[in-house]
Each structure stands twice: as structure tokens, then as C-alpha cells.
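Taking it in order: structure first as C-alpha cells, then the write-up.
Values in this text are rule-based calculations from the coordinates and carry no lab data. Model, not experiment: these values are computed from the prediction. Don't worry about glycine lacking a Cβ; one is built from the backbone with ideal geometry, like all the others, and counts go over all protein chains shown.
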Amino acid sequence: MYHLFGRLDARDAMVLTEDDYFDFLIGVTGNRDLIPVTVRRALADTALLFLGFHMEDWNFRVLFRSIMSQQGGGRRKRYAHIAAQIDPEQGRAVDIERARRYLEEYFDEADITIYWGSAEDFLAELRGRLEGKAT
């Protein structure tokens with residue numbers, strides 16, 4: 001497991017303030033070597049599952065764009081990718097259905113399927129499917 005935004009036991013590496021966040025973004029986009037090779041390889045050559053992000057938030061968008069611009073990204077087409085997403089928040093998007101369509105089209109280009117529901121709902125459904133295959 002790689003903690004992209006830091007860990008509580010490594011306070012110097014945590015992204016806490018807005019300034020920390022901008023420093024992090026500048027560092028990651030300017031120097032890809034800040035992310036270990038094994039992590040970069042896994043992001044380019046394995047199935048991806050995004051849980052707990054709002055796809056319209058900066059944290060996710062920067063992470064997503066960084067992953068999509070990596071070398072070797074063509075190998076991602078071999079895998080199914082899923083993002084569990086709750087509906088765009090009331091008040092943040094004027095037209096919820098239009099926002100959903102936009103997100104679906106945007107992520108379809110990267111072969112990412114959106115699961116519309118909470119991360120908890122997704123995990124419960126995934127568990128049910130896995131248990132059904134095991135029997």
C-alpha cells in the first residue's frame with residue numbers, strides 16, 4: 001500500500017494545508033521519481049479501483065490525470081477499472097443528470113466504469129458477487 005497523501009506516523013510527508021497540497025502537486029507533476037517505480041508500474045499495468053473519491057474533486061482529478069499521463073499507460077486497456085461514485089452533490093452541480101453523463105463520458109475514454117453508489121454499497125455488492133462465485 002502506498003500512501004500518496006501521507007500517513008499520520010510520517011507527519012513531515014503529510015499533505016495538510018492548501019500550501020502543502022500545491023507543493024505536493026508541483027512536486028509530483030514536476031518530478032515523477034517522487035513516486036516509487038513499483039507504484040508507477042502498478043498504476044500503469046494493473047486494474048484500478050477508485051474508492052472514496054468524489055470524481056469532481058481536485059484530489060481525484062490530479063491523481064487521475066497523473067495516472068493517465070504515465071508512460072506505459074496503453075497497458076491499462078487490458079484491465080477493467082472501476083470508480084465507485086456517489087451522485088454529484090446537490091448544490092455543487094446545477095444539473096445532476098448532466099453532471100453524471102459528463103463524468104460517464106469523460107471516464108469512458110479511459111475505460112473506467114463508474115459504479116453509482118457509495119463505496120460501502122460497492123464493496124457489499126462486490127463481496128456478494130465474489131461469494132456467489134466461490135460456491
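Would you mind getting me the FRET efficiency between Leu49 and Asp20? Use the beta-carbon distance for r and R0 = 30 Å, nearest 0.05.
Working: r = 26 Å, r/R0 = 0.87.
That pair, Leu49 with Asp20, gives E of 0.70.
Each Lys or Arg adds one and each Asp or Glu subtracts one; over the other residues with Cβ under 13 Å from the Cβ of Gly6, this totals -2.
For a label point 7 Å from the Cα of Thr113 along Cα→C-beta, name the residues of segment 46-71 whose backbone N is under 16 Å from it. Flagged as within label range: 47-51.
Spacing of the modelled spin labels on Leu34 and Asp12, each 7 Å from Cα toward Cβ, amounts to 1.5 nm. Fully extending the segment from Lys77 to Ala42 would add 11.3 nm, taking 0.36 nm per residue of separation and subtracting the current Cα-Cα distance. Spin-label model, Asp95 to Arg65: label points 7 Å out along the Cα-to-beta-carbon direction sit 2.4 nm apart.
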